[in-house]
1. Does GLY136 satisfy the condition of being out of contact with any Leu (no Cβ under 8 Å at 6 or more places or on another chain) and at pLDDT 95 or above?
2. Can you name the condition, by its number, that ASP111 falls short on among (1) closer than 28 Å to LEU134 by Cα; (2) at pLDDT below 90?
3. From PHE69, PHE58, which residue is surrounded by 10 or more Cβ atoms within 10 Å (Cβ to Cβ), modelled with pLDDT of 90 or more and out of contact with any Ser or Thr (no Cβ under 6 Å at 6 or more places or on another chain)?
4. Taking LEU75 as the residue in question, decide whether it is aliphatic (A, V, I, L, M), in contact (Cβ under 8 Å) with a residue 12 or more places away in the chain and part of a helix (DSSP H, G or I).
5. Out of ALA188, ALA181, ALA143, which single residue is surrounded by 12 or more Cβ atoms within 10 Å (Cβ to Cβ), of a type in the set (Gly, Ala, Ser), farther than 22 Å from ARG123 by Cβ and at pLDDT below 95?
6. For the range 33-47, state whether one or more residues are surrounded by 15 or more Cβ atoms within 10 Å (Cβ to Cβ), modelled with pLDDT of 70 or more, over 30 Å from GLN98 (Cβ atoms) and within 16 Å of the chain's Cα centre (by Cα).
7. Please give the number of the condition GLN97 fails out of (1) under 26 Å from LEU43 (Cβ atoms); (2) touching a helix residue (DSSP H, G or I) at 6+ places or on another chain (Cβ under 6 Å); (3) assigned to a helix (DSSP H, G or I).
8. Only one of (1) β-branched (Val, Ile, Thr); (2) modelled with pLDDT under 80; (3) in contact with a strand residue (DSSP E or B) (Cβ under 8 Å, 6 or more places away or on another chain) is not met by VAL209, so which one is it?
Amino acid sequence: MSVSTSKENILKKIRKALSHSTPLPFPKSEGTESVYQPLQQELAVEFAEQFSSLLGRFIYCINEQELAFQLNSLLRKQDWTKVYCVEDKLITSFASQQEDRLVKTDLAGCDVSITGCEYLVARTGSIVLSAAQLSGRNVSVYAPIHICIAYTNQLVYDVKDALVGIRERYGDKLPSLISFATGPSRTADIEKTLVVGVHGPKEVYLFLVES
C-alpha cells in the first residue's frame, strides 16, 4: 500500500469520526456551577471553623466593649511591650489602658501588629487585606504576631465575593496590592516538615466584632 493510500484511509476514518458527535465524558466539568457545596451554616461559624483549622486564633466579641476587654486582656497576658498600630479606630480599642505599649514607627522592632481588613472569606478562613488600608502592605507580614480586628458585616462566603466587593468599593482605583492571608505563615519545604512563621507571622489572631 502506497503512502498516499494509507494517508487517504486515515483521513477517511477521521472524517467519519467527525461526522458523528461524541458525548463529553464529564458534561458538567466545564459548566458554571460551583464545585463547592452550598453554605450549610452561618458565615461567622464557617469562618471560625476554617480559620481555627489553619492554626488561627479566633475570638468573637458581641460589641466594642467586649473587644476592648478581650484585646487588653490578651496584651497583658502575653506581655507584649511594643504594639504597632496606626489605625485610629483600632487604637481606641486598647490605647486607654495600654498607651505605653503603643508604637507607630518601629514596625521592625514590634512584638505584635494590629490591623483591620477588607473582608473575611468564610469558605477558606482567609483575611483579605489591601494596600489601601491605613496600615499599608507591610504590617501584616513583617510583625511576628498579627492581630486583625474585623466586623461581621465584612464576612463573605467566597473569594469571588470579596473581589466583587473590592471592585465596588474602589472602582477604577483598585489598591496596588490585594492579599489573602490564610492562617499563620508556614512552609514544608525542608524535609516535608511543617514549620510555622517562616515568611510571615507565626501567630494570627482574629477578633470578630458583631456589627
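The values are calculated or read from the model by the stated rules, or taken from the named source; none is laboratory data. The model shown is predicted, which means the values in this text are computed figures rather than measured ones. All Cβ positions, even for glycine, are placed from backbone atoms using ideal geometry, and neighbour counts span all protein chains on display.
1. When the stated conditions are applied, GLY136 does not pass them.
2. (2)
3. Residue meeting the stated conditions: PHE69.
4. It is true that LEU75 is aliphatic (A, V, I, L, M), in contact (Cβ under 8 Å) with a residue 12 or more places away in the chain and part of a helix (DSSP H, G or I).
5. Just a single option satisfies the conditions, and that option is ALA143.
6. The initial filter retains those residues of the range 33-47 that are surrounded by 15 or more Cβ atoms within 10 Å (Cβ to Cβ), namely 43-44, 46-47.
Next, from what is left, pick out any that are modelled with pLDDT of 70 or more: 43-44, 46-47.
With the extra rule that they be over 30 Å from GLN98 (Cβ atoms), the set shrinks to 43, 46.
Next, from what is left, pick out any that are within 16 Å of the chain's Cα centre (by Cα): 43, 46.
Checked against the condition, which is being surrounded by 15 or more Cβ atoms within 10 Å (Cβ to Cβ), modelled with pLDDT of 70 or more, over 30 Å from GLN98 (Cβ atoms) and within 16 Å of the chain's Cα centre (by Cα), the range 33-47 yields at least one hit.
7. (1)
8. (2)
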